[in-house]
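The values are calculated or read from the model by the stated rules, or taken from the named source; none is laboratory data. Just so it is clear, the model here is predicted, and its values are computed rather than measured. No Cβ is skipped: glycine too gets one built from the backbone with ideal geometry, and neighbour counts run over all protein chains shown. Accessible surface areas use protein heavy atoms only, side chains included; no ligands, DNA or RNA. Shrake-Rupley method; radii C 1.70, N 1.55, O 1.52, S 1.80 Å.
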Amino acid sequence: MSGTPHPLKNRIAVVTGASRGIGKGIALELGAAGATVYVTGRSQQPGKLPGTVHETAAQIDELGGTGVPVVCDHGDDDATASLFERIATEHDRLDILVNNVYNSPAAARWLGRKFWDVPPKAWDETFRIGVRSHYVAAVYAAPLLLKTDGLIVNVSSPGAQRAMHNAVYGVAKTALDRMTADFARDLADTQVTAVSIWPGLVATELLQLVPADDTGKRVVTLPGEGSFDLDEAETPRFAGRAVVALAADPDRGKRAGKAWKVADLAEDYGFTDIDGRIPRTD
């Protein structure tokens, strides 16, 4: 990983779904590395959970980057196309696309359910925002990325290879990693790199609402998967440091088409979470 204070200065990035959660953590780290970051999402006003695209963009500015808030529904192809048309007009290039947007509130309703208890609409919700949305963004971003030998990062999950949450979640993440592999195949004659990353258990704003138990520990229980101590979880910025490391690596092409655990990338590149740890909760 580069030792320069702003290894991504003059780079242009898009992070979808960056008003909160993992997307926000990634956007902040790209900004801290000096990038101009287009922060997309639907949140213009705080709702049940904190965070808006404007707040993330302002924090990027404070960290030394340039944050550009863009209110965008990634279920709307025209809105997504307009985002990349704007970037083409303003910069005529794109260095980094992070496909992160995901319909977490919808997915949370079906955690731990058998497939016959998960309605077909849950399939559509998960695939529309979280698989199809990533494909659409990549299609419109590709001409700009080809100009810069850029990077596509799809935020996936170990659920692509083992049972997690429910059948719909697992199939969606498997599809996303397959998409990464096929993007890499199509990009093989270029210098654009496509990878997936797998965060572990992440202490997002939603999980921060979990209260402490009688012993003072904050424990989250996932149906059918067990209980997890949130003090051992990774922060959203851990995944962001993985994206920065990949973007700054001139040899990242050797990782193309594969899924990488964030903790493994930390070991390889020598970065830690903001508290100095390399969390392993996957």
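Tabulated results
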{"item": "Cβ crowding within 10 Å averaged over residues, with 220-231, 83-94 ranked highest first", "result": "83-94, 220-231"}
{"item": "The stretch 1-101 shape via C-alpha gyration tensor axes, a/c threshold 1.5", "result": "oblate"}
{"item": "Sites matching trypsin sites (Lys or Arg not before Pro) across the stretch 1-48 that sit in DSSP coil, with at most 15 neighbouring C-beta atoms within 10 Å", "result": "9, 48"}
{"item": "Cβ charges +1 (Lys, Arg) and -1 (Asp, Glu), total dipole of the chain, debye", "result": "420"}
{"item": "Gyration tensor verdict on the stretch 53-99 (Cα atoms; rounded if a/c is under 1.5, prolate if a/b is larger than b/c, oblate otherwise)", "result": "oblate"}
{"item": "Surface accessible to a 1.4 Å probe, per residue, for the residues of the chain, Å²", "result": "46"}
{"item": "Carbon + sulfur, % of accessible area of the stretch 1-96 - ligands and nucleic acids excluded, 1.4 Å", "result": "45"}
{"item": "Highest-MSF residue in the chain out of 29, 234, 267 [GNM, Cα springs under 10 Å]", "result": "267"}
{"item": "Only Lys, Arg (+1) and Asp, Glu (-1) charged, at Cβ; the stretch 71-159 dipole about Cα centre in debye", "result": "480"}
{"item": "Listed residues 46, 69, 236, most fluctuating in the chain (Gaussian network, C-alpha, under 10 Å)", "result": "46"}
{"item": "Cα-based Rg and Dmax for the chain, where Dmax is the largest Cα-Cα distance (Å)", "result": "17.7, 58"}
